[in-house]
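Let me begin by presenting the structure, written as structure tokens, before commenting on it.
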Amino acid sequence: MRIAVGADHAGFQLKQEIAAYLPELGHEVIDLGTTSTEPVDYPDFAEAVAKAVIENRAERGVMICGSGVGASVSVNKLPGARGAVCHDTYSAHQGVEHDDMNVLVLGARIIGGELARELVRTFLAAKFTHEERHVRRLGKIEALEKRYGRST
């Protein structure tokens, strides 16, 4: 699977760890920056990750900032991107299974490398269930995007 990864300066070190870990799991990495701990703005990198996913250049994305909150808000501004901050394994797999989440957002100042690797592994192993109730709810999310001028 091709995975787009991105981070701001606060998430740079953890992004480097995740980008090195993904090939061990058999995945291809598309590293969208940042390239150092010099201060940058997380929305720029969240947009790059989400755009790579919605344009099908990557099957999934991982975005990392300090808390994960700002990056999560930013990712979800792009129609078709469905990202969430997940700092527990249940949310990391359930978000994909029930909500077709395609971007995992992590807070580098909240979790450590070992938990981050476990979350990434869990997120990438999960599959959308296609159960009727989940498809119906996803349709309602897409309708919200259209209703408020953000259609895919």
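What follows is calculated from the coordinates using simple rules that are stated; it is not laboratory data. Values in this document were obtained by computation on a predicted structure and should not be read as measured data. So basically every Cβ, Gly included, is an ideal-geometry build from the backbone, and we count neighbours across all protein chains shown.
If you line up the long axis of helix 132-147 against the longest principal axis of the chain, both from Cα atoms, how many degrees apart are they, to the nearest 10?
80 degrees
Based only on other Cβ atoms within 10 Å, what is the fewest-to-most ordering of Phe123, Phe128, Phe45?
Details: Phe123 25, Phe128 16, Phe45 28.
Lowest to highest Cβ neighbour count: Phe128, Phe123, Phe45.
Could you work out the local net charge near Leu115, counting Lys and Arg as +1, Asp and Glu as -1, over the other residues with Cβ closer than 12 Å to its Cβ? Don't skip to the answer; put the middle values down first.
Values: positive: Arg117, Arg121; negative: Glu17, Asp88, Glu114, Glu118.
Here the charged neighbours net out to -2.
Could you tell me which residue out of Gln94, Gly68, Val49 lies farthest along the dipole of the chain toward its positive end? Charges go on the beta carbon: Lys and Arg +1, Asp and Glu -1, centred on the Cα centre.
Gln94
Answer with one residue from Ile3, Ala19, His134: the one whose Cα lies farthest towards the positive end of the charge dipole of the chain, charges on Cβ with Lys, Arg +1 and Asp, Glu -1.
His134
Less than 13 Å Cβ to Cβ from Ile30, Lys/Arg counted +1 and Asp/Glu -1: what total charge do the surrounding residues give?
Numbers: positive: Arg2, Lys15, Lys51, Arg57, Arg60; negative: Glu28, Asp31, Glu55, Glu59.
Spelling it out: positives minus negatives among the neighbours equals +1.
What's the magnitude of the charge dipole for the stretch 2-147 around its Cα centre, counting Lys and Arg as +1 and Asp and Glu as -1 at the beta-carbon? Answer in Debye, nearest 20. Working shown, then result.
Values: 17 positive and 21 negative charges, 100 e Å.
Once rounded to the nearest 20, the dipole reads 480 debye.
Hey, what do the phi angles of the stretch 35-40 turn into as Karplus ³J(HN,Hα) couplings, whole Hz, using 6.51/-1.76/1.60 and θ = phi - 60°, x for Gly and Pro?
Karplus-based 3J(HN,Hα) across the stretch 35-40 equals 10, 6, 8, 5, x, 9 Hz.
If only Cα atoms are counted, what is the Rg of the stretch 2-147, and what is its Dmax, in Å?
Rg then Dmax for the stretch 2-147, in Å: 14.1, 46.
GNM, the chain, Cα, under 10 Å: largest mean-square fluctuation among Gly95, Gly61, Gly70?
In this elastic network of the chain, the residue with the biggest mean-square fluctuation among Gly95, Gly61, Gly70 is Gly70.
I want to check a number: in the chain, how many lysine pairs have alpha carbons closer than 19 Å, given a sequence separation of 8 or more or different chains?
For the chain, qualifying lysine pairs total 5.
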